[in-house]
Every structure is written in C-alpha cells, then in structure tokens.
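Below is one structure, written out as structure tokens, with a few remarks after it.
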Amino acid sequence: MIIKQGVEARRRFADWRSRKHLKSDAHGDIAYQDGGCWEDSSLERSAQRYLHGFLFLSDWYAVIESGDDSDALDDACEMAMEWDRRFGDRYPGPNQADSVAAGVPAMAYHDDATARRLIQLSHLMDVAGSRMTSEHHDALSSLLQRTALLLATDEFYAGLNNHGLFQDLAVAKYLADGDRTIDPETRAQLSETVVRRLEQNLFSAFTPDGVHVENSPGYHFIVALLLVVGVPVLEALGSPRAGELREVLDATERFATHVLRPDGTLPPLGDTKPVRWSEASLTRTYRGEDFRWSVTQGRRGTTPGERHAVFPHAGYLVYRSSWADRGAEYCLLKAGYHSHYHHAADDIALLISSRRVPVIAEAGHYGYDLTDPMVRYAYSQYAHNSVVVGGRSQPRVSGKTGGVEFEHLSATGPGEVVRVRGTNRRSSGWTWSRVLTVVEPGNDRPGEGDYDGPVTYVVEDSVDLHGPAEEDFEVRWHLAPGMRLEDMPGGVRLMAKERHIADIEWQCDLGLAVGTESGILEPEPRGWVFREPGKKWPSTVLVLSGRGPRLRLVTTIRTRREATA
C-alpha cells in the first residue's frame with residue numbers, strides 16, 4: 001500500500017480538481033470523461049491497469065485524510081460507484097477473450113488489477129469510512145465484499161505467482177481493515193483461503209538459495225516486500241509456518257545485496273528497468289548492514305565480506321571487483337527459467353560493466369503489448385546477448401518452465417575468481433552451453449580484498465545440433481549507445497568517444513562474418529536499447545555469424561584500466 005504525500009502528489013490531485021484529469025508520471029494526462037476512461041481502448045495496457053486498479057488514489061489519501069478538500073472523499077466514492085455501475089455485474093469469466101466478446105475491458109477483471117482495486121478501495125474505507133455518506137458507505141462495502149469473494153474463488157485465482165500473491169494480500173488487507181458487514185462464516189472461509197494460499201505462494205516464490213523465481217531482479221525486491229507484509233498477516237491469522245517464512249526472508253537479502261550494480265542501479269533483465277531505487281524504498285524490506293552498504297554505495301553500512309556470489313538453484317553469478325569503488329567491474333550471468341512471468345528469451349543472460357560504462361549491455365524492457373513489433377523484439381533472443389540458431393528466436397515462454405541449467409565449476413587457473421556454466425535445452429533441435437570464467441590477471445588472491453586492475457572474461461559458447469546436419473549461427477553482443485568499434489587483429493576495440501573501454505577477441509571452429517546492427521526497423525527491429533519502457537534509442541549490436549554442423553566459439557573480453565574517468 002503506497003501513500004504518496006509529496007508536492008508532486010498534491011499537484012497531480014490538483015489536476016483532478018481543476019480539469020478532472022488523472023495525471024501520472026508514467027502515463028501522462030488521462031481525462032476521466034465521467035468514467036469513460038475505463039473503456040478507452042486506445043490507452044496502453046499499463047495505463048488501463050493504473051485506472052482499473054484505482055492506483056491514482058495513492059495521490060489522494062493525504063488530501064482525504066487531512067480534510068483539506070471536502071469533496072475529495074465524495075469524488076473517490078462516486079468514482080468507485082461509477083466503476084461498479086459499468087462493470088460490477090459484468091464479470092465474464094477468467095478468459096480475457098470472453099471479456100472482449102462481452103464488451104468488458106480486459107483490465108476490468110484482470111487478476112492483478114482487481115487485487116489492486118480491492119487494496120486501494122479497502123484502504124479508502126479504512127481511513128475514511130466513518131466520514132462517508134450512508135449511500136457511499138453501503139455501495140463501497142458491497143463492492144469490496146463482492147471483489148474479495150471473487151478473488152477467493154479458484155476460477156479467478158492467478159495461482160502460485162506474483163499476481164496470485166497480490167490477490168492473497170488484497171483479501172488479507174480487506175479482512176484486516178475490518179469490514180463489519182461481512183458475516184462470520186464468510187470471514188472464516190476467506191481467512192482459511194488466505195492462510196492456505198499465502199503459505200503456498202510465499203514458499204514457492206523463492207528458490208532454496210533465496211532468489212525470486214520470476215526472471216526480473218526488480219521483482220525480487222517487490223515480492224520480498226510482500227513477504228515482509230505477508231508474514232505478520234499469517235501470524236495474525238494463526239499460521240504455524242510464519243516463522244519459517246521469516247527465515248526465507250532472511251535468505252533473500254544476500255541476492256538483494258549483490259545484484260545491485262556499483263552505481264546503485266538494477267540490471268535490466270526481464271521487466272526490470274535500469275533505474276536507481278531510493279534507499280528508503282529498498283530499506284523497507286532489508287535492514288542488514290551489508291545491504292545498506294550496497295544500496296548506499298558505501299555511504300552507510302558495513303562492507304560485505306564476499307565480492308562474488310553464486311546462487312546455483314536460481315542460476316545466477318554476480319561478480320564485482322570492489323565494494324569501495326563506484327566504478328568497479330561488475331558482471332552478471334543468469335541461467336534459469338523458473339517462471340513464465342516476466343520472462344524473456346534471455347537464456348543465457350550476460351551483462352558486464354566497467355568504470356560505470358556498459359561493456360556488454362542489454363536492450364531492456366519495452367512494454368507488454370505483444371502486437372507491437374518492438375515489444376516482440378525486446379522479448380526475443382535478438383534483444384539479448386544470445387546465440388540464435390537457424391535464424392529463429394526461441395519463444396519468450398514455453399509450455400512448461402525449466403530446460404535451463406546452471407553449474408558452479410571449479411576455478412583453477414591463474415587469477416581465476418569464479419567459473420560457471422549455463423546450459424539451454426529449451427529447443428528440441430539444439431543445445432547451447434555457455435561457460436564463463438572471470439579472471440583477475442596478476443592477482444595472487446583472486447576474488448579477495450579489493451581489485452582495481454583490468455578483468456578478463458572468457459566466454460565459451462558451444463552449440464550441438466540434434467537434427468539438421470548444418471545450421472546458421474548468430475552470436476550477438478549488445479553494446480552501449482554511442483559505443484564505437486575499431487578493428488584489431490582477432491577482434492575489435494570498444495571505444496566510448498576517445499576512451500578505450502575494452503577489447504573483444506574471438507576464436508571459432510567456423511569461419512565467421514563480422515557485422516553490426518543499429519536502429520533497424522524493417523523488416524524486423526534490430527539494434528535498439530530501452531532505457532525506459534515505451535522509449536527507444538539506437539544502439540550497436542556486434543553480430544558474429546557462420547554456418548556449420550556445430551559451434552565452438554571462445555570470446556575473450558578484456559576491460560581496460562584506461563576507462564577510469
């Protein structure tokens with residue numbers, strides 16, 4: 001439950017008061033149109049979710065509670081009643097195709113948007129129910145109870161995933177806020193359902209090594225915060241497993257500490273945006289001194305004792321050269337497919353940065369509308385540091401999870417810090433394996449203390465075919481916007497203006513053609529980066545292509561000390 005109380009929130013509410021617009025930083029100005037906005041199919045999916053989830057009320061609570069605007073509460077209640085008049089008796093079933101056929105916007109009964117609507121309106125009733133007119137109070141009570149009962153049905157339940165968890169917590173909040181109109185038998189049934197589902201959902205949300213199963217680091221923090229919220233709910237409802245879940249929460253902090261990059265941003269995997277989250281938002285979940293050091297880049301807290309961390313069940317390696325240097329080397333490899341939600345065809349994902357500059361970058365997240373070619377591109381292998389076989393991307397999701405394996409190998413060579421392997425078996429026609437070795441040249445104690453020298457990353461890609469005698473292979477490396485390539489024997493230099501950032505060299509059992517892509521729209525998008533959802537910038541992709549019965553490629557990426565600003 002987020003309550004926005006700053007100047008910007010009041011300005012957005014003022015826009016409602018003056019123009020009847022629902023203003024949002026993410027979605028701009030949306031005209032209310034006496035409720036017509038809920039049926040405006042021209043709005044993006046995320047904007048429709050914002051409206052049907054009543055998320056705009058987060059800007060209103062401070063005004064409603066203060067009483068500064070005597071009409072604000074009435075406006076909020078009238079909006080809830082207008083939504084109910086339009087859609088309250090029109091639930092078409094859980095299939096979104098049925099919604100379209102019935103003329104009901106898909107987001108009106110979207111699993112997550114419905115949960116958020118209950119959370120927002122239940123909070124409105126909790127903080128201001130005593131000041132509502134009897135008409136508003138009765139109408140809102142009826143809507144809340146019907147929504148809670150719908151969320152509790154098996155038919156509507158999203159399952160053991162992020163959206164199902166929001167549904168559980170929405171019903172739990174409704175019960176905690178104490179609607180006195182609900183009869184004791186119904187309350188008991190809802191409580192039993194919430195306890196059972198919350199236990200199942202929270203235990204299945206994280207791998208045994210404490211990483212959220214969905215494929216987007218930002219959701220690790222979001223769902224861990226839900227764990228913070230959910231454990232007291234389970235304690236209050238008498239769950240015998242609440243103590244075990246507190247131990248799960250403790251285990252999630254190690255990944256949260258390591259996954260933040262040296263500049264304080266999150267890596268853009270899955271649906272995660274490469275932005276800096278505020279210390280206040282992150283420390284609502286975690287309070288450990290190692291985590292505080294990571295989130296503040298050393299301004300507070302205690303230096304963590306390990307510079308690299310391996311999470312074998314989740315399929316992650318996270319490495320950095322120093323905790324003291326905000327321009328430290330950073331590398332992440334992800335090889336895991338544990339959930340369909342927020343998954344992209346980024347198996348096996350690899351990111352490298354040096355001195356605050358991306359060396360091996362990512363396209364990032366563009367949006368959710370799969371009819372948009374740019375969204376399809378962002379989810380495909382073509383937007384990631386992948387090996388594409390046969391000129392076809394793997395699908396974003398498969399019929400079942402799994403098929404991507406991770407191994408922690410022994411690092412034995414001079415200067416080797418860590419060595420891991422990711423294996424992608426999602427396609428029946430081929431298997432792709434990628435071994436990554438991180439080397440600190442000249443370091444007698446690799447991985448210990450702080451290291452300020454150049455780092456060598458050795459990437460060994462192997463593809464074995466299970467059907468065709470030969471196939472086309474494309475090995476794709478995404479570089480940062482503005483990165484310039486200079487030819488050198490056996491590879492290329494990466495230049496950012498006049499700064500020599502890194503060298504990339506390769507050896508292969510096939511003859512490879514070397515090319516680049518940048519800012520291509522037709523026939524399919526290629527060579528783009530998405531720093532913000534829905535916005536694109538041309539970027540450079542280094543493409544190594546060849547054809548043969550198999551692929552054996554060793555790529556060596558050496559960062560340069562000259563990259564220091």
Determine which single condition Gly238 fails, assuming it passes every other condition in (1) over 27 Å from Ile352 (Cα atoms); (2) part of a helix (DSSP H, G or I); (3) not aromatic (Phe, Trp, Tyr). (2)
Pairs only if they're at least six apart or on different chains, beta carbon under 7 angstrom, first in region 514-531 and more than 19 Å from Gly364 (Cα to Cα), second in a strand (DSSP E or B) and aliphatic (A, V, I, L, M); list them, first residue then second. Val514/Leu544; Gly515/Val543
Which one of these is surrounded by fewer than 19 Cβ atoms within 10 Å (Cβ to Cβ) and assigned to a helix (DSSP H, G or I): Asp126, Asp154? Asp126
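So, in region 257-266, of the ones that are part of a loop (DSSP other than H, G, I, E, B) and closer than 20 Å to Asp346 by Cα, which residue ends up modelled with the lowest pLDDT?
It comes out as Leu266.
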Can you name every residue in region 5-26 that is closer than 13 Å to Phe56 by Cβ and outside any helix (DSSP H, G or I)? Lys20, His21, Leu22, Lys23, Ser24, Asp25, Ala26
Restricting region 466-496 to residues that are touching a Ser or Thr at 6+ places or on another chain (Cβ under 6 Å) and more than 29 Å from Pro549 (Cβ to Cβ), the residue that is surrounded by the most Cβ atoms within 10 Å (Cβ to Cβ): Leu479
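Out of Leu551, Leu544, I need the residue that is closer than 16 Å to Gln381 by Cα, touching a Cys at 6+ places or on another chain (Cβ under 9 Å) and buried (at least 17 other Cβ atoms within 10 Å of the Cβ). Which one? I'd like the intermediate steps shown before the answer.
Values: Leu551 fails: closer than 16 Å to Gln381 by Cα.
None of the others qualify; the one that does is Leu544.
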Scanning region 399-420 residue by residue, the ones that are touching a residue at least 60 places away in the same chain (Cβ under 8 Å) and either surrounded by 16 or more Cβ atoms within 10 Å (Cβ to Cβ) or under 27 Å from Arg376 (Cβ atoms) (or both) total 9
Among the listed residues Ala76, Ala97, which satisfies the condition of being under 29 Å from the mean Cα position of the chain (by Cα) and part of a helix (DSSP H, G or I)? Ala97
Exception for Gly103 within (1) on the phi > 0 side of the Ramachandran plot; (2) assigned to a helix (DSSP H, G or I) falls at (2)
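Quick grid of which residues meet (1) under 27 Å from Glu532 (Cα atoms); (2) surrounded by 14 or more Cβ atoms within 10 Å (Cβ to Cβ); (3) in contact with a Lys or Arg (Cβ under 8 Å, 6 or more places away or on another chain); (4) modelled with pLDDT of 90 or more:
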site	(1), (2), (3), (4)
Pro232	no, no, no, no
Gly238	no, no, no, no
Phe255	yes, yes, no, yes
Pro268	yes, yes, no, yes
Pro274	yes, yes, yes, no
Thr283	yes, yes, yes, no
Determine if region 102-110 includes at least one residue that is out of contact with any Ser or Thr (no Cβ under 9 Å at 6 or more places or on another chain) and exposed (fewer than 15 other Cβ atoms within 10 Å of the Cβ). yes
Every residue from region 233-243 that is in contact with a helix residue (DSSP H, G or I) (Cβ under 8 Å, 6 or more places away or on another chain) and not aliphatic (A, V, I, L, M): Glu235, Gly238, Ser239, Arg241
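Name the residues in region 249-264 that are closer than 15 Å to Tyr286 by Cβ and under 20 Å from the mean Cα position of the chain (by Cα), would you?
Within region 249-264, Leu249, Ala251, Thr252, Glu253, Arg254, Phe255, Ala256, Thr257, His258, Val259, Leu260, Gly264 qualify.
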Looking at (1) surrounded by 21 or more Cβ atoms within 10 Å (Cβ to Cβ); (2) in a loop (DSSP other than H, G, I, E, B), which is the only condition Gly447 fails? (1)
If you scan region 182-217, which residues turn out to be closer than 25 Å to Arg396 by Cα and either among the aromatic types (Phe, Trp, Tyr) or touching a Cys at 6+ places or on another chain (Cβ under 9 Å) (or both)? Phe206
What are the pairs, 6+ residues apart or on separate chains, where a residue within region 425-436 that is at negative phi has its Cβ under 8 Å from a residue that is hydrophobic (A, V, I, L, M, F, W, C) and part of a loop (DSSP other than H, G, I, E, B)? Trp432/Ile348; Arg434/Ala335; Arg434/Ile348
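Can you give me the number of residues within region 302-315 that are assigned to a loop (DSSP other than H, G, I, E, B) and buried (at least 18 other Cβ atoms within 10 Å of the Cβ)? Walk me through it before giving the result.
So in region 302-315, the residues assigned to a loop (DSSP other than H, G, I, E, B) come out as 302-307, 312-315.
Imposing the further condition that a residue be buried (at least 18 other Cβ atoms within 10 Å of the Cβ) reduces the set to 304, 307, 314-315.
Of the residues in that region, 4 qualify.
The values are calculated or read from the model by the stated rules, or taken from the named source; none is laboratory data. Bear in mind the structure is a predicted one, so any value in this text is a computation, not a measurement. All Cβ positions, even for glycine, are placed from backbone atoms using ideal geometry, and neighbour counts span all protein chains on display.
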